[in-house]
Amino acid sequence: MSITMTHNAKSAAEDRTQPLANFKLAAGVTLAVLALMVFWRIFQQVYAWSAGLDSTEPAFDVAWMTLLKVELSVIPLLWVVTWAYLWFTRDRNLGALKPREELRRYFNLVLFIFIYALCVWFATSFFAEQDASWHQVVVRDTSFTPSHIVLFYGTMPLYVLFGVGSFLYAMTRLPKFATQISIPFVLAVVGPFLILPNLGYNEWGHAFFLMEEVFSYPLHWGFVVMGWSVLALGGLLIQIAMHMLEVIGRLSQEDEVSVATQR
């Protein structure tokens, strides 16, 4: 009996020494995302005017279509690898999840969502506004413009990677999200994701109507509605905070029982 109690106490002590979240991984992914955003912007600065004005020139094919092919190859591959990993490594016994480990997973989820929000910010603010400015100056002769190749086929698929990934992480590793569907979470992930199919309607409209680049036209309403759905992250964070407070309460009770048992 005493040996078992000593072992449990030792395990609990080791558990407390572990970090509350995988901050190193989150910092590394955040830096990688920032580096990618800087790369895209520098690429635009170097090749937009020199090779991005005429889609029929060989220089356009070498610079911009090569970038497009890389994006359409690498990012979907990251989708498959990341989402498959989250699914196949899911916790199959969430009923036995300890409060401290559950709390760690909530912190990891918040970091996951932070990276998602960072990607959405770059896509829908910086690169989206840049896209409008570019098309007010340069008349497009193709759907694959220098601004579109980065915005629509780079930054947006990238935030889909982290949006769906964070949803899968919560659904496969946290009891609350595994047993119930969070409406704010669904809105915050599905809304921006649906901007991708809306691109077809957008390109069709620009191909048949000259609207360079009045954002108030109905052609762009889908971007606004679905882009604003990311504001549901506020409601999601409130849900997460409430769940974390509940877990902290259970953790405090567990610690009190542990101390009393040791005495």
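None of the figures in this text is laboratory data; all of them are computed from the coordinates on show. Values in this document were obtained by computation on a predicted structure and should not be read as measured data. Positions of Cβ are generated from backbone atoms using ideal geometry, with glycine treated the same way; all protein chains shown enter the neighbour counts.
In whole angstrom, note down how far apart the Cα centers of the stretch 139-177 and the stretch 15-93 are.
Here the two parts' Cα centres lie 10 Å apart.
Return the calculated 222 nm mean residue ellipticity for the chain, to the nearest 500 deg cm²/dmol, obtained by summing -39500 (n - 2.57) across DSSP H runs with n ≥ 4 and dividing by the residue count. Walk me through the intermediate numbers first.
Numbers: 12 runs with 192 residues, N = 263.
For the chain, the value works out to -24000 deg cm²/dmol.
Can you pull out the chymotrypsin sites (Phe, Trp or Tyr not before Pro) in the stretch 65-94 whose DSSP state is coil and whose Cβ has at most 13 other Cβ atoms within 10 Å?
Values: sites: TRP79, TRP83, TYR85, TRP87, PHE88; in loops: none.
Passing sites in the stretch 65-94 do not exist.
On a full-extension model of 0.36 nm per residue, what is the gain between THR30 and GLU129, subtracting their alpha-carbon distance, rounded to one decimal in nm? Don't jump to the answer; show the numbers that get you there.
On the way: separation 99, 0.36 × 99 = 35.64 nm, distance 2.23 nm.
Roughly 33.4 nm would be gained on extension.
Report the percentage of all Cα-Cα pairs in the chain whose separation exceeds 28 Å, rounded to a whole percent. Walk me through the intermediate numbers first.
Details: 15698 of 34453 pairs.
Percent of Cα pairs beyond 28 Å in the chain: 46.
Go through the stretch 30-113 and name the trypsin sites (Lys or Arg not before Pro) that are in a DSSP coil and have 16 or fewer other Cβ atoms within 10 Å of their Cβ. Don't jump to the answer; show the numbers that get you there.
Details: sites: ARG41, LYS69, ARG90, ARG92, ARG100, ARG104, ARG105; in loops: ARG90, ARG92.
The qualifying sites are ARG90, ARG92.
If you plug each phi of the stretch 226-240 into the Karplus form 6.51 cos²θ - 1.76 cosθ + 1.60 with θ = phi - 60°, what whole-Hz ³J(HN,Hα) values come out, in order, with x for Gly and Pro?
Rounded to whole hertz, the list is 6, x, 5, 4, 5, 5, 5, 4, x, x, 5, 5, 5, 4, 4.
Filter the GluC sites (Glu not before Pro) in the stretch 130-225 to those in DSSP coil with at most 14 other Cβ atoms within 10 Å of their Cβ, and list the result. Intermediate results must be reported in sequence, preceding the final value.
Details: sites: GLU203, GLU212, GLU213; in loops: GLU212, GLU213.
For GluC sites (Glu not before Pro) across the stretch 130-225 that sit outside H, G, I, E and B with at most 14 neighbouring Cβ atoms in 10 Å, the list reads GLU212.
So for the stretch 81-182, Kirkwood radius off the Cα pairs, Stokes-Einstein at 20 °C and 1.002 mPa s: how many µm² s⁻¹? Mind dumping the intermediate values first?
Values: Rh = 15.6 Å.
Answer from the Stokes-Einstein relation: 137 µm²/s.
For the stretch 175-190, in order, what is each residue's ³J(HN,Hα) by Karplus, 6.51 cos²θ - 1.76 cosθ + 1.60 with θ = phi - 60°, in whole Hz (x at glycine and Pro)?
Working through the residues one at a time gives x, 4, 7, 6, 9, 9, 8, 7, 5, x, 5, 4, 4, 5, 9, 6 Hz.
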